[in-house]
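Here's the structure we're looking at; comments come further down.
What follows is calculated from the coordinates using simple rules that are stated; it is not laboratory data. In this text, all values refer to a predicted model and were calculated from it rather than measured experimentally. Quick reminder, even Gly has a Cβ in these numbers, built from the backbone with ideal geometry, and neighbours come from all protein chains shown.
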Amino acid sequence: MYCPVCGWPSVEKFPNNRAAADFYCPHCRNEYEQKSKAGAFGPTIPDGAYDTFMQRISSNNNPDFFIMQYSLVKMRVEEMYFVPKYFFVPSIVEKRKALSQNAKRAGWVGCNIRFDRIPIQGRIPIILDGVPLNKNLVMERVQRAEKIRTESLETRGWLLDVLQRVNQMDEYFTLEQLYSFESELAKKHPDNHNVRAKIRQQLQRLRDGGEVLFLGRGQYKKVKQSFHL
Ligand SMILES: [Zn+2]
């Protein structure tokens with residue numbers, strides 16, 4: 001696998017005892033964790049301990065993710081996605097039930113990654129139906145995602161929440177349409193009392209990141225790209 005961030009031809013494997021990541025790029029030093037599964041994906045991907053994962057998200061020390069699905073029958077990789085770390089927010093991590101008293105690790109709480117809650121911009125396909133996509137297209141998408149990268153978890157939460165709603169809109173949409181999510185977003189962010197201002201702020205970020213165009217008078221247009229799925 002090449003490095004989808006800088007294009008270096010091959011990532012290297014970390015020694016097995018390193019817990020946080022599986023691969024790194026010898027050129028740009030970016031780190032990758034791989035999740036893989038035989039058979040179909042489903043909307044959730046089981047991960048390790050819930051607390052550890054939440055800590056990693058908030059520490060900004062998270063590796064990027066390779067998410068892979070393979071077929072043992074066909075002996076090939078069916079699907080593979082790159083998910084940049086800055087698409088990880090607490091709401092995509094689902095707490096599993098604690099293991100029962102009889103279990104070897106009683107009380108241990110694992111988590112699931114809700115792949116379906118990651119905005120499409122953060123689920124960058126590398127292989128689809130067993131066919132690797134053009135490397136330049138993959139890197140173009142990575143660079144596009146980089147433009148809406150945020151370091152603070154709070155900012156990221158708002159940005160991805162609004163991005164998800166924008167993704168649900170038609171190509172042309174209005175501010176009023178986005179305001180219809182006001183109460184839903186207010187519930188998600190109870191500390192914030194000016195949800196409409198927050199929505200407008202995220203729209204500016206999305207405009208600066210090249211995701212939406214401002215047409216004036218509360219009208220917007222989504223920016224399509226040839227490789228948009
Ligand atoms: Zn690299």
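Summarising the overall dimensions of the chain from its C-alpha atoms, the Rg and Dmax are 18.9, 62 angstrom. Counting other Cβ atoms within 10 Å of each Cβ, which trypsin sites (Lys or Arg not before Pro) in the range 31-116 have at most 13 and sit in a DSSP loop? Answer in residue order: Lys74, Lys97, Lys104, Arg105. Dimensions of the range 1-88 along the principal axes, based on C-alpha atoms and rounded to the nearest Å, stand at 38, 33, 26, largest first. On a per residue basis, the convex hull of the C-alpha atoms belonging to the range 107-217 measures out at 161 Å³. For the range 153-222, the C-alpha radius of gyration divided by 2.2 N^0.38 Å, with N the number of residues, is 1.02. Between 0 and 90 degrees, rounded to the nearest ten: what's the tilt of helix 50-59 against the longest Cα principal axis of the chain? Computed tilt is about 60 degrees. Using just its DSSP H runs of length 4 or more, each adding -39500 (n - 2.57), the chain gives a mean residue ellipticity at 222 nm of -8500 deg cm²/dmol after division by all residues. Taking 4.7 Å between beta carbons as the limit, the unpaired Cys residues of the chain are Cys111. 3J(HN,Hα) along the range 118-132, derived from phi through the Karplus expression 6.51 cos²θ - 1.76 cosθ + 1.60 where θ = phi - 60°, amounts to 7, x, 3, 4, x, 10, 9, x, 10, 10, 10, 6, x, 10, x Hz, with x in place of Gly and Pro. Across the chain, C-alpha contacts under 8 Å between residues 6 or more apart give a mean separation that, scaled by the residue count, equals a relative contact order of 15 percent.
For the range 203-220, 3J(HN,Hα) computed residue by residue from phi via the Karplus equation (6.51, -1.76, 1.60; θ = phi - 60°) reads 4, 5, 4, 5, 5, 4, x, x, 8, 9, 10, 8, 9, x, 6, x, 10, 9 Hz, glycine and proline entered as x. Here the dipole of the chain is about 160 debye; that uses its Cα centre as origin and unit charges on the Cβ of Lys and Arg (positive) and Asp and Glu (negative).
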